[in-house]
Amino acid sequence: MSRIVQKYGGTSVGDVERIKKVAERVKHTVDQGHQVVVVVSARAGVTNELIARAKAISTQPSEREMDMLLAVGEQETIALTAMALHSIGLPAVSYTGGQAGIMTDTFHTKAKITTINAAPIVTDLEQGKVVIVAGFQGINEQGQITTLGRGGSDLTAIALAAAVKADKCEIYTDVDGVYTADPRVVKDAKKLQEISYDEMLELASSGSKVMQSRSVEFASKYGVVFEVRSSFNYNPGTIVKEEVAYMEKVVVRGVAVDKDQAKVIVSNILDKPGSAAKVFRALAAANIIVDMIVQNVGRNGIANLTFTVPQGDTHKAQKALEGVLDEVGGGQVAIHEHIAKLSVVGVGMKTHSGVAADLFAALADAGVNIQLISTSEIKISVVIEQDKADEAARVAHKAFALENL
Ligand code: ADP
Ligand code: ASP
Ligand code: MG
C-alpha cells in the first residue's frame, strides 16, 4: 500500500459536479489500495471575489482580517468534498489548515510554514479514512489563521507530502501538465514529460502560474517528487524532480511571461557610494521585492536606477522612494505599469552559448523593443512592452523550436 497526496485546484473543484468528479477519482485511488490525503483550493474565482469585496470596503484592509476572509474559500470546498466522498461510501474527514497541524509564522497573507504535526492525519489514514485538508492556510503560534500567498494550495500539498512521507504527490489542475509555455497563449506549446526543480522554479517565479514558486522551492529542498496533471482526464502529466545529466541537452525548456510587474525609474540621483544602498534599503523597509536592476553609467556625478517591482506594490514603492530622494541629492521617480517580463529557461544554458543572442535577434525581427535585460545561470529575462508580450512569447517559443521538444 502506498500513500498519496492529491491536490485539486480551483477549476477542478469549480462547482458541485466537478467536486463529485474529484470524489470519484479519489475513490478510484482508494480502490487501488492507497491511502489518500486530498488538498483542495477554493472554487475558481472565489478568492478573487473575496479580495474584491474587501477592497470595496477598504483600500488597505487589515491583513489579519484578510486572512480570516480568504480562508473561507477553502473551508467551503473541504466540507463539500467530504460530503461527496461520504455519499459514495468512503469514510472521509475534512480539516482546516490549523486542524491539520499546519503551523506558520506570523506574516499574514504570505505566511511561511514552520512545522506540520502530521501524526493525527497519519492515524486517520491508518484507520482507513480519506483526509481532506484546506489548501493555502495554517495557523500561527497565537492561534490566528494565516494564508500562504496566492496559489498556496500547491505549497500545502507539497509540505503535507513531505510531512506524511507520501510515496506520491499529484497536483491536479486544468491542463495536462507543465508545457513549454502557457498553452492558452502559445497554441503549439508542448507538454513536458519531466522538468527539473530549478527550471520549474525559474518558470514559476517568472510568471508561469501553473505552480506556486514557493511550493517548488519547498519540493526541491525536501526532495518531494511531484506530478502535475489534469483532473479532466487520465493522461500522464509532468514529473518535477531533481536535475539529471541528460536534461542539459535541452538548452531552453520553457518560456514564461509575467504581466504583473512594473518598471520604476529613479533618475537624477547622486552618483556616489551609498546612493543605491539608500534607495534599496527604503524599498526593503517597505517589504517590497525588487527583481531586475539596472544602473546606467553615471555622467557629471548624476546617475539613474531602473528596476522592477510587483505591480501591487507600486504605490508603496512610490511613497518609500519619495521618502529617500532628499538623501540621494533630489531626483525623480517614474513608474511604468504597462510592461511585461519575458523569460526563457533551461538548465542547458549552463553549457551552451548564444542563447541571449538568439532571443534578442528573434525579438528584433518581430519588432519587439527590449527595455531591460537580466540573466542567471539558467534564465534570460527581458522587459518589453506589455501589449507585445503574448506575441513575443510565441516568437521566443518558435526561435528555440520548442514545439519540437
Ligand atoms: P489551479 O487552480 O489548478 O491551481 P492555475 O490556474 O493556478 O490552476 O494554474 C493552471 C494554469 O496555468 C493553466 O490553466 C495555464 O493557463 C497556466 N499556465 C501558465 N504557464 C503554464 C505552463 N508553462 N504550463 C502549463 N500551464 C501553464
Ligand atoms: N485559493 C487560493 C488562491 O486563489 C489558493 C490556491 O488556489 O492555491 O490563490
Ligand atoms: Mg494554482
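No lab work stands behind these numbers, since they all come straight from the coordinates. As the structure is a prediction and not an experimental result, all values here were calculated from the model. Reconstructed Cβ throughout: ideal geometry from the backbone, glycine too, with neighbour counts over all protein chains shown.
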Exercise. Choose one of Ala357, Ile339, His315: the residue whose Cα lies farthest towards the positive end of the charge dipole of the stretch 313-377 (beta-carbon charges +1 Lys, Arg; -1 Asp, Glu; about the Cα centre).
Key: Ala357
Exercise. Would you mind calculating the relative contact order of the chain from Cα pairs under 8 angstrom and at least 6 residues apart, reporting the percent as a whole number?
Key: 14 percent
Quiz item: For Glu63 and Asp260 in the same chain, what is the full-extension length gain: residue separation times 0.36 nm, less their Cα-Cα distance, in nm?
Solution: 68.8 nm
Quiz prompt | Magnitude of the charge dipole, the chain, Cβ model with Lys/Arg +1 and Asp/Glu -1, debye to 20 | solution = 120 debye
Quiz item: Put +1 on the Cβ of each Lys and Arg and -1 on the Cβ of each Asp and Glu in the chain; which of Val290, Leu69, Val255 then has its Cα farthest toward the positive end of the dipole?
Solution: Leu69
Quiz prompt | Degrees separating the helix 63-87 axis from the principal Cα axis of the chain, which is the longest one | solution = 30 degrees
Quiz item: Using θ = phi - 60° and the Karplus curve 6.51 cos²θ - 1.76 cosθ + 1.60, what whole-Hz ³J(HN,Hα) does each residue of the stretch 21-37 get, with Gly and Pro shown as x?
Solution: 5, 4, 4, 4, 5, 5, 4, 4, 5, 5, 4, 7, x, 9, 8, 10, 9
Self-check item: Two-decimal Rg/Rh across the stretch 291-370, once Rg and the Kirkwood Rh are taken from alpha-carbon atoms
Solution: 1.07
Quiz prompt | Packing-based order for 394-402, 264-272, using average beta carbon neighbours within 10 Å, highest first | solution = 394-402, 264-272
Quiz prompt | Ordering of 199-208, 369-378 by burial proxy (mean other Cβ atoms within 10 Å per residue, highest first) | solution = 199-208, 369-378
Quiz item: From the phi of every residue in the stretch 300-305, what ³J(HN,Hα) in whole Hz does the Karplus formula 6.51 cos²θ - 1.76 cosθ + 1.60 yield, where θ is phi - 60° and glycine or proline is x?
Solution: 6, x, 10, 9, 10, 10
Quiz item: If you put +1 on each Lys and Arg Cβ and -1 on each Asp and Glu Cβ, how big is the dipole of the stretch 171-249 around its Cα centre, in Debye rounded to 20?
Solution: 240 debye
Self-check item: Rough spin-label spacing in nm, given labels placed 7 Å along Cα→Cβ, for Gln144 and Asp105
Solution: 1.4 nm
Quiz item: Going toward the positive end of the dipole of the chain, with +1 on Lys and Arg Cβ and -1 on Asp and Glu Cβ, which of Gly9, Ala399, Val93 do you reach last?
Solution: Val93
Quiz item: Which of the lysines could be linked to Lys168 by a straight reach, that is with a Cα gap under 21 Å, when you skip same-chain ones fewer than 8 residues away?
Solution: Lys7, Lys21, Lys27, Lys129, Lys191, Lys221, Lys241
Quiz item: Counting alpha carbon pairs within less than 8 Å and at least 6 residues apart, what relative contact order, in whole percent, applies to the stretch 83-124?
Solution: 28 percent
Quiz item: Suppose every K and R has +1 on its Cβ and every D and E has -1 on its Cβ; what is the size of the dipole of the stretch 269-371 about the Cα centre, in Debye to the nearest 20?
Solution: 240 debye
Quiz item: Based on the Cβ-Cβ distance of Ala364 and Tyr234, what FRET efficiency does E = 1/(1 + (r/R0)^6) give at R0 = 51 Å, to the nearest 0.05?
Solution: 0.70
Self-check item: the chain - mean residue ellipticity at 222 nm from DSSP helices (-39,500 (n - 2.57) per run, n ≥ 4, rounded to 500)
Solution: -10000 deg cm²/dmol
Exercise. Could you list which residues have their amide H under 5 Å from that of Phe226, counting only those 5 or more apart in sequence or on another chain, with H placed in the peptide plane?
Key: Val240
